[in-house]
1. Going by the conditions given, is residue 186 in a helix (DSSP H, G or I), open to solvent by less than 10 Å² (accessible area, probe 1.4 Å), under 25 Å from residue 288 (Cα atoms) and in contact with a Lys or Arg (Cβ under 9 Å, 6 or more places away or on another chain)?
2. Take the residues in the range 49-68 that are part of a loop (DSSP other than H, G, I, E, B) and at pLDDT 80 or above, then tell me which one is farthest from residue 27 (Cα to Cα).
3. Residues that are under 20 Å from the mean Cα position of the chain (by Cα) and of a type in the set (Ser, Thr, Tyr): find the strands (runs of 3 or more DSSP E) completely inside the range 208-278 holding 1 or more of those.
4. With the condition kept exactly as written, say whether any residue in the range 226-233 is open to solvent by less than 60 Å² (accessible area, probe 1.4 Å), under 21 Å from residue 161 (Cα atoms) and modelled with pLDDT of 95 or more.
5. Looking only at the range 234-276, which residues are of a type in the set (Ser, Thr, Tyr), open to solvent by 10 Å² or more (accessible area, probe 1.4 Å) and in contact with a helix residue (DSSP H, G or I) (Cβ under 7 Å, 6 or more places away or on another chain)?
6. Return the residue satisfying two criteria in turn: it lies in the range 1-45 and is in a strand (DSSP E or B) and open to solvent by less than 20 Å² (accessible area, probe 1.4 Å), and of such residues it is modelled with the lowest pLDDT.
Amino acid sequence: MSRWIEISLRADGESAEAIAEVLTRYGHQGVSIEQAGIPPDTWDESEVPAPQQLMLRAYIPDDDKQEATKQELEAALGHMRLMYPMPQPAYQTLNEEDWAEAWKVHYQPLRVGQRLLIRPLWIDIEPAPADIEIALDPGMAFGTGAHPTTQLCLEVLEGLIEPAQDVLDLGCGSGILAIAAAKLGARKVLALDIDPIAVDATADNARANGVEDKIIAECGSLETVLGAARRFDLMIVNILARVIMQLTERGLGEIVRPGGAAIFSGLIDSQLDDVEAALLRTGLQPYARHQRGDWMLIEARRPAD
């Protein structure tokens with residue numbers, strides 16, 4: 001039976017990005033960042049308080065290397081603590097089959113934007129007639145809708161999606177953004193992730209939402225798309241700023257059709273100028289910024305030929 005160590009830290013928005021980068025070095029399948037302190041019975045996004053505190057979680061195998069990994073992690077956080085207050089990590093041991101149960105404790109229904117209702121698959125609620133419901137079981141893939149960057153993407157997608165669009169979700173996680181795009185009217189969505197667990201979760205969640213005919217979930221990265229010469233009307237990239245800037249150096253702008261749009265989330269205010277400069281170099285023109293707490297989203301377009 002596989003066992004995992006859950007590493008959790010509570011942080012403010014300014015330090016969360018830096019902590020996430022450290023956790024990414026050690027965590028298996030990425031890092032979860034979600035808004036802390038949402039009351040369990042709060043479904044309406046307008047009732048959710050501004051994100052003062054965020055909860056970060058990562059998982060490492062419970063094996064003979066786990067003590068050394070903990071020491072390396074705490075040493076890295078200790079160095080950062082010299083420049084900025086850093087919380088002490090908390091540890092919890094979980095059996096692999098208990099992973100989903102750990103998610104369920106923190107995951108409640110939430111309304112986002114004008115029409116979107118994010119619902120855990122194991123909770124039954126009655127949607128309003130105008131609701132667009134997205135039912136999810138993240139499993140071991142990250143992406144529940146509770147993190148401000150995901151909520152920013154969902155809000156912006158409501159205004160950007162048009163019928164017959166081809167959409168790329170680069171780094172799809174649980175598939176929440178791909179499913180939202182499909183349910184909002186996109187013709188086809190390609191959901192890519194380098195993590196096979198995320199790809200399986202996206203495919204399972206697409207079936208649970210009845211949009212499996214619109215979503216293709218595959219293991220892959222930017223190079224996968226560039227190599228196939230595929231182009232998209234809309235691209236969604238909700239990952240770290242550092243990774244976005246690396247992707248721009250490898251031709252990220254080329255996969256957006258002329259006249260097409262892209263949204264980039266997972267950013268904080270101090271990173272915006274650098275990210276926008278990188279987007280310009282890859283052929284995309286930033287034209288709007290959106291903010292939720294300390295987190296930011298950039299909208300950009302590729303000029304029409």
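The values are calculated or read from the model by the stated rules, or taken from the named source; none is laboratory data. This is a predicted model, so every value here is computed, not measured. Note that we place each Cβ from the backbone using ideal geometry, even for glycine, and neighbour counts take in every protein chain shown. Side chains included, ligands, DNA and RNA excluded: accessible areas come from the protein's heavy atoms. Shrake-Rupley method; radii C 1.70, N 1.55, O 1.52, S 1.80 Å.
1. no
2. 64
3. Ranges flagged: 256-268.
4. Yes, there is a match, as at least one residue in the range 226-233 is open to solvent by less than 60 Å² (accessible area, probe 1.4 Å), under 21 Å from residue 161 (Cα atoms) and modelled with pLDDT of 95 or more.
5. Once the filter is applied, which keeps residues that are of a type in the set (Ser, Thr, Tyr), open to solvent by 10 Å² or more (accessible area, probe 1.4 Å) and in contact with a helix residue (DSSP H, G or I) (Cβ under 7 Å, 6 or more places away or on another chain), the range 234-276 yields only 248.
6. 35
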